[in-house]
Amino acid sequence: IKRPHIIKTMALHHEPARWRGVRTVKTSNGYEGVDIQPVQGLRGIRSLNPGEGPPVPAPHGLWRNLIKEIGEEYNVAAFNYDWRRWGDLFYVEEVLEDFRLAVEEAYQMSGQKVVLVGHSMGAQVCSYCLGALGSWWTQSYVDDLVLVGGAAMGSPSMFAAYANGPSALAHSSAIPVAEFYETKLAEVTSTWGCMISEFPVPVGGVNCFDEDLVFAKTPSKSYCLKDVKEFLEDLSACEEPPEQVKRERANSTHEKVRTWLEEHNFVSTVEKWSPGYKTAARMYEGVASMARYMTAPSCRTHFIYSNNIQTVTGMTWKTDNLYDKAVLADFVPGDDTVTAASIEKLAAAWKEAGTEVCLHVCPGKVHHKNLIICDFTLNLLHRIMEGENVTENDDVEDGPKNGTVMC
């Protein structure tokens with residue numbers, strides 16, 4: 001992000017609400033007079049900041065290499081949504097209808113069933129929409145579902161990433177920021193529903209993590225899968241950031257300029273948002289309700305994942321104040337964000353439920369962001385979209401035999 005202060009405008013306003021009887025949080029733009037919308041079309045997924053200067057290299061180029069590789073041979077369309085608001089059940093309902101229309105339009109234009117590709121949180125979006133739309137709809141419009149580094153079940157790294165702010169240390173490096181900006185960024189990202197939706201959660205009734213696995217530990221408490229809501233409640237009850245941080249926030253150039261412009265009527269924007277920690281547990285209730293719809297898909301499903309990179313599963317706090325910086329303590333194989341074991345558990349459960357499931361382990365050390373653009377994934381997508389009967393045992397027969405990253 002070239003101008004980190006701009007990220008403050010991406011904060012969301014929270015309003016406690018109920019959606020069909022389920023406790024949740026309704027989100028809206030954090031500044032009155034500012035409207036933020038996702039960039040539409042393929043341009044919206046080519047890079048991290050569409051339209052922000054010259055093209056950026058991978059991995060922050062996101063899907064750029066994939067679009068370049070397969071865009072000329074196949075009908076490729078992007079499903080664009082405001083990822084900040086994913087987890088807000090009111091917005092999820094809007095996404096569901098947009099998803100249905102997008103897939104049906106692609107089907108009508110091509111006359112063929114579609115191949116859905118979801119990367120990271122996109123796996124959660126696809127899984128929810130297919131589950132909510134049902135078996136008949138899925139079988140009518142979808143041939144294959146391809147989940148690349150799929151985070152439908154969430155990631156243990158979110159305990160530190162949410163409490164302390166996204167960073168490479170907390171394995172949430174999809175948002176590249178300088179470390180000095182971490183505290184301010186944490187307040188903004190605490191308002192994003194997507195941060196809550198990526199906490200570990202049962203998927204369609206399937207526990208993808210061992211029930212006794214401790215994700216987070218303080219001197220007085222341990223938090224497992226059943227304790228995620230309690231963790232968020234405890235976080236909201238902790239002491240707020242120290243006075244020094246508050247003073248730095250109030251004295252920041254951005255805050256002084258914004259206040260001066262508002263006081264002198266040079267701008268009509270009004271700041272409405274506040275950090276989302278107080279409503280986080282309520283948001284998670286909605287996410288858990290949403291995840292119940294993520295049942296075994298009624299189409300062939302491919303999991304493309306990595307198992308050669310140490311991925312955090314447990315972290316500790318030296319004090320009971322969860323705003324303090326966590327220490328990453330326990331690791332297992334994965335892609336640095338999603339654990340291989342959690343993907344394999346979900347795949348096994350879906351297979352047992354009757355879904356045709358293919359597991360594809362990416363060779364070499366390929367990180368989470370790079371899974372969507374590596375040669376191994378591109379080769380598999382070519383074969384799947386050509387209608388080949390790709391199975392778990394013939395991943396690399398006709399293509400690259402390594403996980404080379406396309407930079």
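When only residues in the range 78-104 that are charged (D, E, K, R) and touching a Cys at 6+ places or on another chain (Cβ under 8 Å) count, which is least open to solvent (accessible area, probe 1.4 Å)?
Selected residue: Arg84.
Within the range 295-312, if we keep just the residues that are part of a strand (DSSP E or B) and open to solvent by less than 10 Å² (accessible area, probe 1.4 Å), the residue that is farthest from Val142 (Cα to Cα) turns out to be Val312. Taken together, the criteria exclude Glu198 from residues that are charged (D, E, K, R) and either open to solvent by 40 Å² or more (accessible area, probe 1.4 Å) or modelled with pLDDT under 95 (or both). Candidates are the residues of the range 323-338 that are in a loop (DSSP other than H, G, I, E, B) and among the β-branched types (Val, Ile, Thr); the one that is least open to solvent (accessible area, probe 1.4 Å) is Val338. When Gly314, Gly334 are screened for being in contact with a Pro (Cβ under 9 Å, 6 or more places away or on another chain), of a type in the set (Gly, Ala, Ser) and within 19 Å of Ala216 (Cα to Cα), only Gly314 passes.
Among the conditions (1) at pLDDT 95 or above; (2) open to solvent by 60 Å² or more (accessible area, probe 1.4 Å), the only one that Glu397 does not satisfy is (1). Could you tell me whether the range 339-348 includes any residue that is within 25 Å of Thr27 (Cβ to Cβ), open to solvent by less than 40 Å² (accessible area, probe 1.4 Å) and not basic (Lys, Arg)? Taking every residue of the range 339-348 in turn, none turns out to be within 25 Å of Thr27 (Cβ to Cβ), open to solvent by less than 40 Å² (accessible area, probe 1.4 Å) and not basic (Lys, Arg). May I ask you to verify whether Tyr107 is among the hydroxyl-bearing types (Ser, Thr, Tyr), open to solvent by 30 Å² or more (accessible area, probe 1.4 Å) and in contact (Cβ under 8 Å) with a residue 12 or more places away in the chain? So Tyr107 passes the test. Annotation: of all residues in the range 353-374 being of a type in the set (D, E, K, R) and touching a strand residue (DSSP E or B) at 6+ places or on another chain (Cβ under 8 Å), the one that is most open to solvent (accessible area, probe 1.4 Å) is Lys365. In the set (1) within 27 Å of Pro297 (Cβ to Cβ); (2) at pLDDT 95 or above, Ser222 fails one condition alone, (1). For the range 132-141, indicate whether the set of residues that are at pLDDT 95 or above and crowded, with 24+ Cβ neighbours inside 10 Å is non-empty. No, the range 132-141 contains no residue that is at pLDDT 95 or above and crowded, with 24+ Cβ neighbours inside 10 Å. If you check Ala161, Ala168, Ala178 for being crowded, with 18+ Cβ neighbours inside 10 Å and either among the aliphatic types (A, V, I, L, M) or at pLDDT 95 or above (or both), only one passes: Ala161.
The values are calculated or read from the model by the stated rules, or taken from the named source; none is laboratory data. Keep in mind that what you see is a predicted model, and the values were worked out from it rather than measured. Quick reminder, even Gly has a Cβ in these numbers, built from the backbone with ideal geometry, and neighbours come from all protein chains shown. Side chains are part of the model used for accessible areas, which takes the heavy atoms of the whole protein and leaves out ligands, DNA and RNA. Shrake-Rupley method; radii C 1.70, N 1.55, O 1.52, S 1.80 Å.
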